[in-house]
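The values are calculated or read from the model by the stated rules, or taken from the named source; none is laboratory data. As the structure is a prediction and not an experimental result, all values here were calculated from the model. All Cβ positions, even for glycine, are placed from backbone atoms using ideal geometry, and neighbour counts span all protein chains on display. In case anyone asks, the SASA skips ligands and DNA or RNA and just uses the protein heavy atoms, side chains included. Shrake-Rupley method; radii C 1.70, N 1.55, O 1.52, S 1.80 Å.
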Amino acid sequence: GQQVMQIPQYQHVQEGEDFTTYCNSSTTLSNIQWYKQRPGGHPVFLIQLVKSGEVKKQKRLTFQFGEAKKNSSLHITATQTTDVGTYFCAGPFYNQGGKLIFGQGTELSVKP
Amino acid sequence: EAGVAQSPRYKIIEKRQSVAFWCNPISGHATLYWYQQILGQGPKLLIQFQNNGVVDDSQLPKDRFSAERLKGVDSTLKIQPAKLEDSAVYLCASSLKLTGGYEQYFGPGTRLTVT
């Protein structure tokens, strides 16, 4: 079936280091959304990318959508302890009524 | 603006018992979702409503799970009888419209433990 895969599953960084998580879909996506879930919390929407090759920035976070609309990445520059959590990408598939398929997430821990 | 409300926040039951979860979405949101999130995994969609109609329930284990959204506002998800593998967080989310182009707002979730 259609899948969204994320790597790495876990990432441990020292505060101030950069972090990147990658998301790959088995099929083309109409758009991709990114969510953050803090430990013990619920997913919170971060951003949506729609266009092929699109790049969006939110302060230290940079999101990119691949040219083929099958992959995406999230890069955090100079991580802070407030960045701790699990980052999920999620995509609606064209032939599944737009329902979101979530990746398994990348858990980020930041050592101060 | 009030967020998505869910209750209870925690529930512990024995296997073969039944349990029900309640969700009240953000006012005006037509689409409501129930997800199951097992520890260490991403949310998995169980059922999706548009107003009071079911859009997708392909991953709902219908022999034991049921859900309704009778008046197109709040919703209940029921498990009867529960199995050990149902231990998870059950998340309710809502969005303004049906299509995948709208962000979803999640509630705090109900953590279910089946012993």
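Return the value, in Å² to the nearest 100, of accessible area buried between chains A and B (probe 1.4 Å, both sides summed).
Its buried surface, counting both partners, is about 1500 Å².
In the neighborhood of A:THR79, defined by Cβ-to-Cβ distances under 11 Å, what is the net charge if each Lys or Arg adds +1 and each Asp or Glu adds -1?
Values: positive: A:ARG60, A:LYS111; negative: A:GLU15, A:GLU17, A:ASP18, A:ASP83.
That works out to -2.
Which number gives the lysine pairs in region B:3-115 that have C-alpha atoms under 26 Å apart and are eight or more places apart or on different chains?
20
With a probe of 1.4 Å, find how much accessible area the protein assembly as shown has per residue, and write the answer as a whole number in Å².
48
Using a Gaussian network model of chain A with C-alpha springs under 10 Å, which one of A:LYS51, A:LYS70, A:LYS59 is most mobile by mean-square fluctuation?
A:LYS59
Please calculate the 1.4 Å probe accessible area of B:THR115, with all protein chains present, and give it to the nearest 10 Å².
80
Using Cα positions and a limit of under 26 Å, work out the lysines in reach of A:LYS59, with same-chain residues fewer than 8 apart set aside.
Qualifying lysines at Cα under 26 Å: A:LYS36, A:LYS51, A:LYS69, A:LYS70, A:LYS111.
Over chain B, with every protein chain in place, what whole percent of the accessible area is carbon and sulfur at 1.4 Å, could you tell me?
Its accessible area is 50 percent carbon and sulfur atoms.
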